[in-house]
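Peer 1: Quick one: the structure is below, and I'll ask about it shortly.
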Amino acid sequence: MIELIAGKYNYWIYITLMMIGFYAMIEKGNLIKKIIGLNIFQTAIFLFYISISKVEGGTAPILILGKEAVVYDNPLPHVLILTAIVVGVSVTAVAIALVIRIYESFGTVEEEEILNIMKNSSLKPEENIKT
Amino acid sequence: MIIDFLLLLFLVICAIGAVYFKDLLSSTMILCVYSLVMALVWARLNAVDVAITEAAVGAGITTVLLIAALSRTKRGEEVRSQKSEKKSITVHSLFSLLIVIATGAVLVYGTVDMPDFADPEAPAAIHVSPRYIEKTYEEVGIVNIVTAVLADYRGFDTLGEVIVIFAAGICVIFLLRKRVY
C-alpha cells in the first residue's frame, strides 16, 4: 500500500488538478471562469505527459558530448507538449474572442442570463446585436 | 524530494483559488501564478524547453489575453442566488461534484496499472526514445534532442502547429472585427 502511494501520488495530484479544472468548466456559469477551468485542465494533462518522460536519475535531454553512459529523460513527450502548449493558447484566444462577441451581443457573460435572454426574446440571437 | 511535493501541493492550492475567487481579475492573477509554478515543476522534471515555453506562453500570453477579455467584459462573476432558483442551483452543484468525483475515481483506478513515477523500466522510457537519444547527434548534429525532434524529425508537425496558430488568428480577427451596418 505504501509502495502504491509512493509510486503513484504524483498521478493522483494531476488528477486532482484536472478535476478542479473540470469542475470549473461544468459548474461555473461565468464563461471566463470556464476558460480558466479549461486552462487548468490542459496544464494538468501536460503535467501528466511531462512526468511520464521522467526517468530515475536522468538529466535533461541535452546530449553531453564525450561522456558515456549518461541517463537522459525521454525527450519525446517534451516535444509533444511544446506543440500542445501553443495549440492550447490558440484555443484560449479563440474562446476569449467568442466570449467578447457574446458580451457584445447579450451584455453579459453569465450562461444563465444568456439563456434567459434567448428564451424571452422572440428575436433570433443575431438580431439582438447592439450596434 | 520534499520540494517537489510542496510545489505540487501549491499547484493544487493555486488551482482551487483560481476557480474559487469571484473577482475574475484575482482569478486571472492566480492562474498566472499557477502557470509559473507549473513551469517550476517542469524545470524540476528536467523539461527545460517546456518550462520556458510555459513561463512565456502560459503565464505571459494567456494572462494578457484574459486581462484583455476582462477589460472588454465584466470583471466580477455574478453569484447565482436568486431565491426562487436556489434549490436548482444546489442540485446543479451537487450533480457537477458527483460527475467530477466519479470521473476522478475512474482515473485514479486507471493509475493503478501505470508504471511508477520515474520508473526506468517504464514502456515510455525503453521503447522508442533510446533510438532518438543514440542517433540524434549522428543524424542531425544538435545536442538538444528536443529541438532536433521538434524542427527536424517532426518538422511537418511543427508546420501544422503554425497553421493552427494562423487559423486561430484568422478566427479572432473575424470574430472581433468592427461591423458596419
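The values are calculated or read from the model by the stated rules, or taken from the named source; none is laboratory data. Bear in mind the structure is a predicted one, so any value in this text is a computation, not a measurement. Cβ: placed from backbone, ideal geometry, glycine included. Neighbour counts: every protein chain shown. In case anyone asks, the SASA skips ligands and DNA or RNA and just uses the protein heavy atoms, side chains included. Shrake-Rupley method; radii C 1.70, N 1.55, O 1.52, S 1.80 Å.
Peer 1: Mind checking whether some residue in segment B:77-100 is open to solvent by less than 30 Å² (accessible area, probe 1.4 Å), at pLDDT 90 or above and under 30 Å from B:I165 (Cβ atoms)?
Peer 2: Checked against the condition, which is being open to solvent by less than 30 Å² (accessible area, probe 1.4 Å), at pLDDT 90 or above and under 30 Å from B:I165 (Cβ atoms), segment B:77-100 yields no hits at all.
Peer 1: So, B:V112, is that one over 30 Å from B:V57 (Cβ atoms), touching a Lys or Arg at 6+ places or on another chain (Cβ under 9 Å) and exposed (fewer than 15 other Cβ atoms within 10 Å of the Cβ) or not?
Peer 2: Considered against the rule, which asks whether it is over 30 Å from B:V57 (Cβ atoms), touching a Lys or Arg at 6+ places or on another chain (Cβ under 9 Å) and exposed (fewer than 15 other Cβ atoms within 10 Å of the Cβ), B:V112 comes out as yes.
Peer 1: Restricting segment A:78-89 to residues that are open to solvent by 10 Å² or more (accessible area, probe 1.4 Å) and facing chain B (nearest Cβ under 7 Å), which is nearest to B:A47 (Cα to Cα)?
Peer 2: Going through the qualifying residues, I end up with A:L82.
Peer 1: Applying the selection to segment A:1-24, what residues are at the interface with chain B (Cβ under 7 Å from one of its Cβ atoms) and of a type in the set (D, E, K, R)?
Peer 2: The answer is A:K8, and nothing else.
Peer 1: Check whether at least one residue in segment B:130-138 is of a type in the set (A, V, I, L, M) and either in the same structural domain as B:V48 (by TED's automatic domain parsing) or open to solvent by 90 Å² or more (accessible area, probe 1.4 Å) (or both), and report yes or no.
Peer 2: Among the residues of segment B:130-138, not one is of a type in the set (A, V, I, L, M) and either in the same structural domain as B:V48 (by TED's automatic domain parsing) or open to solvent by 90 Å² or more (accessible area, probe 1.4 Å) (or both), which makes the answer no.
Peer 1: May I ask you to verify whether B:L31 is modelled with pLDDT of 90 or more, under 20 Å from A:Y23 (Cα atoms) and open to solvent by less than 40 Å² (accessible area, probe 1.4 Å)?
Peer 2: yes
Peer 1: Regarding A:E112, is this residue over 28 Å from B:T103 (Cα atoms) and at pLDDT below 85?
Peer 2: Against the criterion (over 28 Å from B:T103 (Cα atoms) and at pLDDT below 85), A:E112 does not qualify.
Peer 1: Now for a separate question. Across segment A:8-52, which residue is farthest from B:A125 (Cα to Cα) among those that are of a type in the set (G, A, S) and crowded, with 22+ Cβ neighbours inside 10 Å?
Peer 2: Among residues in segment A:8-52 that are of a type in the set (G, A, S) and crowded, with 22+ Cβ neighbours inside 10 Å, the one farthest from B:A125 (Cα to Cα) is A:A24.
Peer 1: I've got another one for you. Mind telling me which of the residues A:V94, A:V89 ends up being touching a Cys at 6+ places or on another chain (Cβ under 6 Å) and on the phi < 0 side of the Ramachandran plot?
Peer 2: Within the list A:V94, A:V89, the selection yields A:V94.
Peer 1: Does any residue of segment A:64-74 turn out to be open to solvent by 30 Å² or more (accessible area, probe 1.4 Å), more than 7 Å from chain B (Cβ to nearest Cβ), more than 14 Å from the chain's Cα centre (by Cα) and among the charged types (D, E, K, R)?
Peer 2: Looking for residues that are open to solvent by 30 Å² or more (accessible area, probe 1.4 Å), more than 7 Å from chain B (Cβ to nearest Cβ), more than 14 Å from the chain's Cα centre (by Cα) and among the charged types (D, E, K, R), one finds at least one in segment A:64-74, hence yes.
Peer 1: In the set B:V57, B:V33, B:V19, which member is in contact with a helix residue (DSSP H, G or I) (Cβ under 6 Å, 6 or more places away or on another chain) and closer than 17 Å to A:I15 by Cα?
Peer 2: B:V19
Peer 1: Follow-up. Checking B:V41 against (1) of a type outside the set (D, E); (2) open to solvent by less than 40 Å² (accessible area, probe 1.4 Å); (3) part of a loop (DSSP other than H, G, I, E, B), which single condition isn't satisfied?
Peer 2: Against the list (1) of a type outside the set (D, E); (2) open to solvent by less than 40 Å² (accessible area, probe 1.4 Å); (3) part of a loop (DSSP other than H, G, I, E, B), B:V41 comes up short only on (3).
Peer 1: Taking the condition over 30 Å from B:P130 (Cα atoms), in contact with a strand residue (DSSP E or B) (Cβ under 8 Å, 6 or more places away or on another chain) and either at the interface with chain B (Cβ under 7 Å from one of its Cβ atoms) or at pLDDT below 85 (or both), does A:N30 pass?
Peer 2: yes
Peer 1: Among the numbered criteria (1) open to solvent by less than 10 Å² (accessible area, probe 1.4 Å); (2) at the interface with chain B (Cβ under 7 Å from one of its Cβ atoms), which one does A:Y103 miss?
Peer 2: A:Y103 satisfies all of (1) open to solvent by less than 10 Å² (accessible area, probe 1.4 Å); (2) at the interface with chain B (Cβ under 7 Å from one of its Cβ atoms) except (1).
Peer 1: Name the residue, out of A:V91, A:V86, that is modelled with pLDDT of 85 or more, under 21 Å from B:A148 (Cα atoms) and among the hydrophobic types (A, V, I, L, M, F, W, C).
Peer 2: Being modelled with pLDDT of 85 or more, under 21 Å from B:A148 (Cα atoms) and among the hydrophobic types (A, V, I, L, M, F, W, C) holds for just one of A:V91, A:V86, which is A:V86.
Peer 1: While we're looking at this one, here's another question. Which residue, of A:Y14, A:Y72, is of a type in the set (F, W, Y) and out of contact with any Leu (no Cβ under 7 Å at 6 or more places or on another chain)?
Peer 2: Just a single option satisfies the conditions, and that option is A:Y72.
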